[in-house]
Amino acid sequence: MRAYELSERAAWAPAIPAEFVDPYRLGEYPEERITQTMWKYLVREQNCRRAWARINHHMPETLMPGAPLDILEFSTAHGAMLEIWRHYGHNCVGTDYAWTAAGEQKAKNKGYRKPWHKILVDDLRSQTHGRAVADEVIGWPYQTIIESLGLDVRLFDGGLRRYPFEDKSLSYDFRWFCAKVGP
C-alpha cells in the first residue's frame, strides 16, 4: 500500500488500537537474523497500520463483536493481520513462503545503510519476548517477527508441495472467500 493510499484510508478508518504501536521485542535474536528483514517491515506500528487499513477496508466484519472466526491467511509475511485478528479473539493460522524451498539463496543481511537502522535494531533488541527461539529457517526473513508474536504460521511452497493442511481439514464460509478474492 502506498503512503498516500494509507493516509487516505486512515482518514475514514477508526484509530488503530494502542496495543499495536509498541515495537517488536526481538532481544533473543542476533543482529544478523533481524537485519535479514526489509527495514520497513521491522517497524511494527507501520505494519499494523497497513494491516488495520486493509482489514477495515476489505473485511471490517472481522472486527465486529461476535463468535470467534477461524481465519486462514495466505502469504502472511510479517503477520500484522494475524496479530490484529488474534487480538479480536479469532483463531488464526497463516502461511508463508521460505525462499530456500525453491533453491534460492539465504536472505542477505541488509546492513546499516541509514543512521536510524542501527537505532531501530538496538531498540528491537532491548526488549525480549520470552518465547523459545527456533533454529533459523534459511530464506524466511519474517521468522523473528512471527516467533516473537507467537503466531501460528506454516511454511510452504505451492509450486513444489501442497499447502500444509490435510484435505478437508478446513471449512470456510463462501462469503469470506469471495471477500478475499472478489466475486
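Checking the condition open to solvent by 20 Å² or more (accessible area, probe 1.4 Å), modelled with pLDDT of 95 or more and not in a loop (DSSP other than H, G, I, E, B), which residue from ARG154, ARG86 passes? Write out each step before concluding.
On the way: ARG154 fails: modelled with pLDDT of 95 or more.
Testing whether each residue is open to solvent by 20 Å² or more (accessible area, probe 1.4 Å), modelled with pLDDT of 95 or more and not in a loop (DSSP other than H, G, I, E, B) leaves just ARG86.
Just checking, does the range 129-145 include any residue being assigned to a loop (DSSP other than H, G, I, E, B), within 19 Å of VAL21 (Cβ to Cβ) and at pLDDT 95 or above?
From the range 129-145, those assigned to a loop (DSSP other than H, G, I, E, B) are 129-142; that's our starting set.
In the following step, the residues that additionally are within 19 Å of VAL21 (Cβ to Cβ) were identified as 129.
Checking which are at pLDDT 95 or above leaves us with none.
Checking the range 129-145: not a single residue is assigned to a loop (DSSP other than H, G, I, E, B), within 19 Å of VAL21 (Cβ to Cβ) and at pLDDT 95 or above.
Of all residues in the range 103-117, those satisfying the criterion of being of a type outside the set (A, V, I, L, M, F, W, C) and either at pLDDT below 90 or exposed (fewer than 13 other Cβ atoms within 10 Å of the Cβ) (or both) are GLY103, GLU104, GLN105, LYS106, LYS108, ASN109, LYS110, GLY111, TYR112, ARG113, LYS114, PRO115.
Every listed requirement among (1) modelled with pLDDT under 90; (2) of a type in the set (A, V, I, L, M, F, W, C); (3) within 26 Å of GLU166 (Cβ to Cβ) is met by LEU69 save one, (1). I'd like the residue in the range 107-124 that is of a type in the set (D, E, K, R) and touching a Phe, Trp or Tyr at 6+ places or on another chain (Cβ under 7 Å) and, out of all such residues, is farthest from PRO23 (Cα to Cα). Across the range 107-124, the extreme among qualifying residues is LYS110. For first residues located in the range 48-68 and in contact (Cβ under 8 Å) with a residue 12 or more places away in the chain, partners that are open to solvent by 80 Å² or more (accessible area, probe 1.4 Å) and assigned to a loop (DSSP other than H, G, I, E, B) and lie 6+ apart or on another chain with Cβ distances below 8 Å form the pairs THR62/TYR88; LEU63/TYR88.
Among the residues in the range 23-33, are any closer than 16 Å to LEU82 by Cα and at pLDDT below 95?
The first filter runs over the range 23-33 and keeps only residues closer than 16 Å to LEU82 by Cα, leaving 24.
Now narrow it down to the ones that are at pLDDT below 95: none.
No, because not a single residue in the range 23-33 is closer than 16 Å to LEU82 by Cα and at pLDDT below 95.
Against the condition small (Gly, Ala, Ser), open to solvent by less than 60 Å² (accessible area, probe 1.4 Å) and modelled with pLDDT under 90, how does ALA51 come out, does it pass?
Working: small (Gly, Ala, Ser): yes; open to solvent by less than 60 Å² (accessible area, probe 1.4 Å): yes; modelled with pLDDT under 90: no.
Judged against the criteria, ALA51 is not a match.
The values are calculated or read from the model by the stated rules, or taken from the named source; none is laboratory data. Because the structure is a prediction, the values reported are computed rather than measured. Every residue, glycine among them, receives a Cβ derived from its backbone with ideal geometry; neighbour counts consider all protein chains shown. Just so you know, the surface numbers come from the protein's heavy atoms only, side chains and all, with ligands and any DNA or RNA stripped out. Shrake-Rupley method; radii C 1.70, N 1.55, O 1.52, S 1.80 Å.
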